[in-house]
Amino acid sequence: MIDETKAPMTPDEQKAYQAKQKQRAVIMAGLLAFLVVLFYFITFVKIGTAT
């Protein structure tokens, strides 16, 4: 639902909002990369100890 009583963002507010979005995206990408590497190493260790 759109709140029509709220004024649109000023250019400065828009830039701040976009900066926060970018920061969250970078953090999420880093977390995803960390999990991929973690799962890779867990799999590598489990396969290595199984033989």
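Taking (1) aliphatic (A, V, I, L, M); (2) assigned to a helix (DSSP H, G or I); (3) in contact with a Phe, Trp or Tyr (Cβ under 9 Å, 6 or more places away or on another chain) in turn, Met9 satisfies each apart from (2). Going by the conditions given, is Met28 in a loop (DSSP other than H, G, I, E, B) and without any contact (Cβ under 8 Å) to a residue 60 or more places away in the chain? Against the criterion (in a loop (DSSP other than H, G, I, E, B) and without any contact (Cβ under 8 Å) to a residue 60 or more places away in the chain), Met28 does not qualify.
Quick note: the coordinates plus some simple rules give every number you see, no bench work behind them. Note that the structure is predicted; figures quoted are calculated from it, not measured. Heads up, the Cβs are rebuilt from the backbone with ideal geometry, glycines too, and the neighbour counts pull from every protein chain shown.
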